[in-house]
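The values are calculated or read from the model by the stated rules, or taken from the named source; none is laboratory data. These numbers come from a predicted model, not from an experiment. Every residue, glycine among them, receives a Cβ derived from its backbone with ideal geometry; neighbour counts consider all protein chains shown. The area values use the complete protein model at the heavy-atom level, side chains included, leaving out ligands, DNA and RNA. Shrake-Rupley method; radii C 1.70, N 1.55, O 1.52, S 1.80 Å.
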Amino acid sequence: MKKYMIRCDMEGISGIVSYEQADPKKSEYQYGKKLFMSDLIAAVSGLIAGGADEVHIYDEHFFGRNIDLSEISSISSSDKIFVYMGKPPYEEDWAGGLTSDFDGLVLLGFHSKKGTKNALLNHTYENDIEDILVNGISVGEIGIETMIAKQMSVPLIMITADSEGVKEALQLEPEVIAVSVKESLGENSAICYPSNRTSQMIYDKAKEAAQRKWNRPVEDYKTGVHMKIRLADTIYSKEYLKMFSFPEFREKTVLCCWAKYWQNKLKVMEKL
Ligand SMILES: [Zn+2]
């Protein structure tokens, strides 16, 4: 039984070079979604061709409502596919559906962390976050998702991202199968390729990722995890600091810290 989880983001999808294409409230979003579905279908089909028995998809972009289920149903063996929509928040004991019986994590459509110089759409989750430090090391979305998976002994097996996102992933996990779907030229520009080319690249690598034998990582935070979140100066952060103290957590795992932050965040959002 081979089981994989795909975590989806949108800024690192083929052809996306602006938030205009990735923000559901913006006019170019429908085109962005089309590009997103093309990459996603290639990744799922590749994993299934490589022998996956189950592919779980967790959509974490914006409200988690970016997946077109009718398009997903075009994939044969659609009985192997499970889709988590609506971005259910991670809990201290629930990592967005990821459990230790998964054989690998795929990050689809990711990007470099906030502050990566001149890098295409660089950011860390939301505009409100400047940086996340885990035991003193600065990480972005790629780092956090990989650490949470590691804690479950699930290896990061593949990433698709822009060239800068790929660089960041390879620094963290040199073994990961990486697909650079566009060459970052600046915060809002990249060299992109025709969709059939990126689809083929993603399909081939996903197949290879499912066929490869991966070692399960061991993440043992002997002294626990210290997570510090540097907030940008926004209305949200002002409200956050009114309700809670500076976001800093000391827990057993990265997931616990991240879930604690999210519990607070959701309370702040209710007030805004
Ligand atoms: Zn993102």
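With a 1.4 Å probe rolled over the protein heavy atoms of all chains, the accessible area of Asp131, Asp59 falls in the order Asp131, Asp59, largest first. Rolling a 1.4 angstrom probe over the protein heavy atoms with all chains in place gives segment 3-211 an accessible area of 38 Å² per residue. By the rule of a C-alpha distance below 22 Å, with chain neighbours fewer than 8 residues away ignored, the lysines paired with Lys242 are Lys228, Lys260, Lys265, Lys267, Lys271. Pop the C-beta distance of Ser27 and Lys87 into the FRET formula with R0 = 22 Å and round what comes out to the nearest 0.05. Result of the calculation: an efficiency of 0.45. Taking all Cα pairs closer than 8 Å and separated by 6 or more residues, the relative contact order of the chain comes to 23 percent. Report the antiparallel proportion of the DSSP beta bridges in the chain as a percent, rounded to a multiple of 5. Counting only bridges with both partners in the chain, antiparallel ones make up about 40 percent. Please state the shape class of segment 199-272: rounded when a/c is under 1.5, otherwise prolate if a/b exceeds b/c and oblate if not, all from the C-alpha gyration tensor. Oblate shape, in that a/c is at least 1.5 and b/c is the bigger or equal ratio. In the chain, the DSSP-assigned H stretches of four residues or longer account for a calculated mean residue ellipticity at 222 nm of -10500 deg cm²/dmol, using -39500 (n - 2.57) per stretch and the full residue count as denominator.
Accessible area per residue for segment 225-271 is 56 Å², calculated with a 1.4 Å probe on protein heavy atoms, without ligands, DNA or RNA. When a 1.4 Å probe is rolled over the protein heavy atoms, the share of accessible surface on segment 3-211 that falls to carbon and sulfur comes to 49 percent. Of the beta bridges in segment 106-197, as assigned by DSSP with both residues counted there, near 40 percent are antiparallel. Note on exposure: Thr160, Thr253 ranked by accessible area (1.4 Å probe, complete protein assembly) read Thr253, Thr160, with the most exposed listed first. Centroid-to-centroid, using Cα positions, segment 34-57 and segment 108-132 are 25 Å apart. Greater than 19 Å separation of Cα atoms is the criterion. Which listed pairs, Lys114/Lys167; Lys87/Lys222; Lys117/Lys182; Lys150/Lys213; Lys3/Lys252; Lys117/Lys167, meet it? Pairs exceeding the cut-off: Lys87/Lys222; Lys3/Lys252. Taken as Cα centroids, segment 4-27 and segment 217-240 sit 24 Å apart, rounded to the nearest whole angstrom.
To put it simply, the accessible area of segment 225-271 at a 1.4 Å probe is 54 percent carbon and sulfur.
The candidates Leu266, Leu120, arranged from most to least accessible area with a 1.4 Å probe in the full protein assembly, appear as Leu266, Leu120. Peptides 2-12, 143-153 ranked from most to least packed give 2-12, 143-153, packing being the mean of other C-beta atoms within 10 angstrom over each peptide's residues.
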